[in-house]
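The values are calculated or read from the model by the stated rules, or taken from the named source; none is laboratory data. In this text the structure is predicted, and so the values were computed from the model without any measurement. Cβ placement follows ideal geometry from the backbone for every residue including glycine, while neighbour counts extend to all protein chains displayed.
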Amino acid sequence: MNAERKIETLKGIGEKTKLLFQKAGISTVGDLLAYYPRGYEFYEVPEQISEIEEGECAAVRAVLDEGVSGRYIRSMNILTAACHDETGKLGLTWYNMPYLRYSLKAGALYIFRGRIKKKNYRLLMEQPAVFREDQYASLSGRMLPQYPLIKGLTKNMLSKAMVQALEIREYQEEYMPEWIRRSCGLCEYAFALHQIHFPDNQESLALARKRLVFDEFFFFLLYLRSLRQNREKNRTEFVMKPAESPETVIRSLPYELTGAQKRVWETLKQELTGRDVTARLIQGDVGSGKTIVAVLALLMTAENGYQGALMAPTEVLAVQHYQTICQILEQNDLPWKTAILTGSMSAGEKQEVCRQIKKGEVSVIVGTHALIQERVEYKNLALVITDEQHRFGVRQREALARKGRMPHTIVMSATPIPRTLAVILYGDLDISVIDELPADRLPIKNCVVDTSYRKTAYRFIAKQVSLGHQAYIICPMVEESEAIEAENVIEYAQMLERELPASIHVEYLHGRMKAAEKNGIMERFLRNEIQVLVSTTVVEVGVNVPNATVMMVENAERFGLAQLHQLRGRVGRGDAQSYCIFVHSADGEQIRERLDILNHSNDGFEIASRDMQLRGPGDLLGVRQSGMMDFALADIYADVDVLRQVNEAVKRLLEEDRDLGKEENRQLKVRFERMRRKQTDTLNL
């Protein structure tokens, strides 16, 4: 297939450029075509200065006033200038672009394009692009793709390669059956590929995106159906007997399980003692107590002489689960041995743990992705539990399950998905919901504010720290970007050190750090050696820090409500009252209305439902709201109507042609089998 052609077969891609593409995850032409833009630059008609508003990205045709002046602040070169038209004046600021000081001429007419801010009651355009009129005219009305870039890989490289790739794939045979395209209003696949990368207009982009989102959901649901069919054909080798140790642990807990926890545990006991393979999702809001139910299932497995594995998304969380299980075993004088396996362990440590697992010397194994590596062999793996399913995806869960002989599977998720949607998205699993919070849990107090509240928030954080507590501050970026206006963790942490008392230790954390560095910072935060942690969303699924009482989220409008709720769940885990401060830097009625949902509710499922009702089909060019399920374009909240369409189409397709054997489904089956083989190959790596 052309899509399997190596990327280096394209003109202009040599050995060095090939390596850059591979770093971005692009090895074949097919990978390249699936490397979708993260947004588009739309070059609008220039406005008059009097018409522009704070928060918008605008273009103005204006005359540059006196020359550009410059200064240095903390090794950053900052240029400032002003421009005017017949309706008003506008300030201009550039960061680390010293050459503009000499290339821009006072009195000349330019088109300046950038995002508008208000500082000291005057409008300011930060980091504006500068065009001559003829340059801007050539771009006007066009939508230019903005791709995720890595160091060395430029927009020009990607665009040139993409044009060639689209020429190769232009006449690819359509694989989606005509009745599905017709009934669901889908454009042709070749058209969708062209328009997602180089759209003619907003309407064409919407058509293209719907088709590609439909396809992502379609193959995902087909894959889930195949998993369920495979499971239903098999009986389990691991029929368990009722166990005493879980009941002993329940009696020894310093709290009583909620009614919802008891119901879910009873369901699991019945399934684990039955002949069918268990495959169950335990869905519960942040702090609802899913982990203890999982531990009870692991103890039941161990008492029956089998092995159980718990896979967590981060090393710090894996360590915390491991310590919790060890503590429960010790307190209840239970004999089963537990081991932990993570990527940061030394080769010798890993080798010894793998030996113990293979020999069956350990009954409960906790770890990260290290649990699914090829060298890990289990003696009798009967139960697989994955924590925070959306951080792994179906493939990783399957990889762990493949380590055993059709083991029972339990998936835990705190992601707030309404049940009607969860039934579709977890189609291979039965669903249990823990819909109660512990009775002694204090509700988090929320507030939604604009950036003028920051100084007050910093004083509040300092007061909380003085009482012995800690705080998170979430920023959407790692480093400053020319393209996006958003707070960034590195500079924000530096600024915060100046704003807060010297006695408060501030650190930053982001996903680009090495695992050992991230783990070290989170462990120090857990020990209260760090009082304020400035972080990206890498802490969304993280360690339990009961001492943290404040969560402050900058640029809250850039996150989906489900993700904001997940972030909020990092606090409110101890005895003290906790607080969440959502700071929005862009204004607008819809932004305030969305964030106000969080201001009045701590119920993740209600928040997700109301978010879907409010936003409808979502913003084509906006940030993805869910950030889950490993989809490139699709978003389960913004695209809920498409997801429901797909569910009905897949259901009808399989009712009429369970094995996709009809001629009209031949191309669809070929594509699906190729995708499934690719997934299997990935699992076997």
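What the table below lists for this structure:
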read-out	value
Filter result for the condition that a residue is at pLDDT 95 or above and either under 26 Å from residue 571 (Cα atoms) or buried (at least 17 other Cβ atoms within 10 Å of the Cβ) (or both), over 255, 306, 322	306
Long-range neighbours under 7 Å by Cβ, at least six apart or interchain, first residue on the phi > 0 side of the Ramachandran plot within the stretch 168-186, second surrounded by 16 or more Cβ atoms within 10 Å (Cβ to Cβ) and at pLDDT 95 or above	none
Count of the stretch 270-295 residues which are closer than 19 Å to residue 325 by Cα and assigned to a helix (DSSP H, G or I)	6
Output for the stretch 339-368, where each listed residue is touching a Ser or Thr at 6+ places or on another chain (Cβ under 7 Å) and free of Cβ contacts under 8 Å to residues at least 40 places away in the same chain	342
Qualifying residue in the stretch 172-184 (condition: of a type in the set (Lys, Arg), farther than 26 Å from residue 5 by Cβ and in the same structural domain as residue 68 (by TED's automatic domain parsing))	no
Tally of residues being under 21 Å from the mean Cα position of the chain (by Cα) and among the charged types (D, E, K, R) across the stretch 399-449	1
Residue list for the stretch 112-161, filter: more than 19 Å from residue 45 (Cα to Cα), touching a helix residue (DSSP H, G or I) at 6+ places or on another chain (Cβ under 6 Å) and of a type outside the set (Gly, Ala, Ser)	147, 150, 153
Those residues of the stretch 21-69 which are assigned to a helix (DSSP H, G or I) and either in the same structural domain as residue 132 (by TED's automatic domain parsing) or crowded, with 17+ Cβ neighbours inside 10 Å (or both), in sequence order	21, 29, 30, 31, 32, 33, 49, 50, 51
Of all residues in the stretch 150-167 being part of a loop (DSSP other than H, G, I, E, B) and in contact (Cβ under 8 Å) with a residue 24 or more places away in the chain, the one that is nearest to the chain's Cα centre (by Cα)	150
Residue in the stretch 450-482 that is modelled with the highest pLDDT, counting only those that are within 23 Å of the chain's Cα centre (by Cα) and loosely packed, with under 15 Cβ neighbours inside 10 Å	479
Residue, surrounded by the most Cβ atoms within 10 Å (Cβ to Cβ), within the stretch 420-449, restricted to residues that are in contact (Cβ under 8 Å) with a residue 12 or more places away in the chain and in a helix (DSSP H, G or I)	425
Any hit, the stretch 62-73, residues being closer than 24 Å to residue 197 by Cβ and in contact (Cβ under 8 Å) with a residue 40 or more places away in the chain	no
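Each row is one residue, and each column tells you yes or no for (1) assigned to a loop (DSSP other than H, G, I, E, B); (2) surrounded by 15 or more Cβ atoms within 10 Å (Cβ to Cβ).
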residue	(1), (2)
71	no, no
83	no, yes
106	yes, no
114	no, yes
136	no, yes
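This table checks each residue for (1) in a loop (DSSP other than H, G, I, E, B); (2) within 30 Å of residue 166 (Cα to Cα); (3) assigned by TED's automatic domain parsing to the domain that holds residue 409.
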position: 204; (1), (2), (3): no, yes, yes
position: 211; (1), (2), (3): no, yes, yes
position: 216; (1), (2), (3): no, yes, yes
position: 237; (1), (2), (3): yes, no, yes
position: 241; (1), (2), (3): yes, no, yes
position: 249; (1), (2), (3): no, no, yes
position: 257; (1), (2), (3): yes, no, yes
position: 266; (1), (2), (3): no, no, yes
